[in-house]
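Participant: Below you'll find the structure I mean.
All of the numbers you see were taken from the coordinates with simple rules; none came from a lab. None of these values were measured; they are calculated from a predicted model. Ideal geometry is used to build each Cβ from the backbone, glycine not excepted, and the neighbour counts take in all protein chains shown.
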Amino acid sequence: MLVLDGKIASKSVIDSLKTEVEALKAQGKRAPHLAAVLVGNNGASETYVASKVKHCEEIGFGSTLIRLSDTVTETELIATIDELNKNADIDGILVQLPLPKHIDEQKIIMAIDPAKDVDGFHPVSIGKLVQGLQTFIPATPYGIMLMLEHFNISTKGKHAVVIGRSNIVGRPMSILLSSNNAFGNCTVTVCHSHTPNLKEMCLQGDIIVAALGRPEFVKADMVKDGAIIIDVGITRVEDSTAKRGYRIKGDVAYNEVAEKASAITPVPGGVGLMTIAGLMKNTLQAYREKL
Ligand code: GUN
């Protein structure tokens with residue numbers, strides 16, 4: 001059984017990005033620059049954004065973190081995005097989700113210039129993904145593909161079962177896996193809360209991507225021998241014995257599923273790190289496409 005270690009796979013991506021940035025700087029060019037917008041003080045979002053900024057620094061990218069109060073209006077947030085759209089020194093823009101309830105997330109996503117949409121959430125980006133065109137692939141599905149590539153796991157001809165149909169992970173993941181390219185060529189089943197026979201579906205999966213946000217949902221009896229298990233879950237579960245008062249749990253019951261799987265991503269230390277790698281690759285792509 002192979003542990004798909006996100007530390008190893010993401011380091012390889014980050015190291016190659018570092019080399020590319022050094023080459024740009026040696027040519028006297030400016031570094032790619034990512035702007036992150038964080039609204040309010042959701043603990044998990046704070047952690048993710050801090051990690052994104054830290055990775056920019058490590059690679060040599062520029063970064064700008066804009067923090068806004070959770071009382072910001074939709075109009076004010078759109079005005080902030082407009083400024084970032086117009087700023088020629090900024091290559092990529094991300095607005096950390098979720099946003100406070102009074103803000104329409106879709107409106108915010110659509111305010112981002114598609115040329116700077118490094119999260120790949122804009123309908124233009126998703127539309128291109130559906131049509132197999134060059135685009136920004138949403139960071140988590142992109143990171144998963146980079147992970148499979150790093151460990152030489154081929155998707156071709158396999159049956160992939162994706163649990164979850166979110167715009168951020170499940171839906172784009174299913175599109176990518178069924179695409180006619182090196183990242184795809186799978187037969188894909190998308191399961192969700194209205195799938196009556198989920199266990200039978202999962203048992204057919206050569207690859208299972210668990211992205212439903214329910215801790216330890218995928219059990220050993222739902223997995224066929226030799227399956228490749230990708231765990232996208234990162235739920236904070238209260239635990240008074242843990243240092244921070246919570247533990248991060250994946251969507252897969254790791255210990256029991258690992259005994260049947262041929263490969264599995266741990267949580268933490270798996271897909272989460274790859275998401276950042278995907279985002280960083282998109283930021284460099286945004287920079288290059290602007291030149
Ligand atoms: N919230 C959860 N995942 C993501 C992500 O990949 N990007 C942004 N912007 N927000 C998120």
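Participant: Counting only Cα, what are the radius of gyration and maximum Cα-Cα distance Dmax of the chain, in Å?
Facilitator: 18.9, 58
Participant: Sticking with this structure for a sec: Project the alpha carbons of the stretch 200-291 onto their principal axes and report the range along each, largest first, in whole Å.
Facilitator: 51, 38, 19
Participant: Among the listed pairs Lys52/Lys281; Lys128/Lys290; Lys156/Lys290; Lys25/Lys281, which have their C-alpha atoms separated by more than 22 angstrom in this model?
Facilitator: The pairs that break the limit, which is 22 Å between Cα atoms, are Lys156/Lys290.
Participant: So how far apart, in nm, are the two label points at Lys224 and Thr71 if each is 7 Å from Cα heading toward Cβ?
Facilitator: Once both label points are built, they end up 5.7 nm from each other.
Participant: Read phi for every residue in the stretch 37-47 and hand back ³J(HN,Hα) as whole Hz from Karplus 6.51 cos²θ - 1.76 cosθ + 1.60, θ = phi - 60°, with x for Gly and Pro.
Facilitator: Values, residue by residue: 10, 10, 9, x, 9, 4, x, 5, 4, 4, 4 Hz.
Participant: Using only the alpha carbons of the stretch 1-116, what is the convex hull's orientation-averaged projected area in square nanometres?
Facilitator: Dividing the Cα hull surface by four gives the mean projection, 8.9 nm².
Participant: Still on this structure, I have one more. Among Ala263, Ala111, Leu273, which residue has its Cα positioned farthest towards the positive end of the charge dipole of the chain, with +1 placed on the Cβ of Lys and Arg, -1 on the Cβ of Asp and Glu, and the dipole taken about the Cα centre?
Facilitator: Selected residue: Ala263.
Participant: Pop out the ³J(HN,Hα) list for the stretch 245-262 in order, Karplus 6.51 cos²θ - 1.76 cosθ + 1.60 with θ = phi - 60°, rounded to Hz; leave Gly and Pro as x.
Facilitator: So the Karplus estimates, Gly and Pro as x, are x, 8, 10, 8, 10, x, 8, 10, 6, 3, 4, 6, 6, 4, 5, 9, 6, 8 Hz.
Participant: Now for a separate question. Could you state the principal axis extents of the C-alpha atoms in the stretch 48-140, from the largest down, to the nearest angstrom?
Facilitator: That works out to 39, 32, 25 Å along the principal axes.
Participant: Test of understanding: what is the full-extension gain from Asn87 to Ser166, defined as 0.36 nm times their sequence separation minus their Cα-Cα distance?
Facilitator: So the chain would gain 25.4 nm between Asn87 and Ser166.
Participant: Each label point is 7 Å from the Cα along the Cα-to-Cβ direction; what then is the distance between the points at Asn180 and Gln134, in nm?
Facilitator: In this crude label model, Asn180 to Gln134 measures out at 1.9 nm.
Participant: Continuing with the same structure: If you take the charge dipole of the stretch 181-283 about its Cα centre, with +1 on Lys and Arg Cβ and -1 on Asp and Glu Cβ, which of Gly250, Ser240, Thr283 is farthest toward its positive end?
Facilitator: Final value for the positive-end residue is Thr283.
Participant: Please turn the phi angles of the stretch 23-35 into ³J(HN,Hα) values with the Karplus equation 6.51 cos²θ - 1.76 cosθ + 1.60 (θ = phi - 60°), one per residue in order, whole Hz, x for glycine and proline.
Facilitator: Once θ is set to phi - 60°, the couplings for the stretch 23-35 become 5, 4, 5, 4, 8, x, 8, 6, 7, x, 9, 10, 10 Hz.
Participant: Let me know the whole percent of all Cα-Cα pairs from the stretch 76-213 that are separated by more than 27 Å.
Facilitator: Tail fraction, whole percent: 28.
Participant: To two decimal places, what compactness ratio does the stretch 124-186 give when its Cα radius of gyration is scaled by 2.2 N^0.38 Å?
Facilitator: Normalised Rg, Cα atoms only: 1.02.
Participant: Rounded to two decimals, what is the ratio between the C-alpha radius of gyration of the stretch 139-272 and 2.2 N^0.38 Å?
Facilitator: Here the answer is 1.00, to two decimals.
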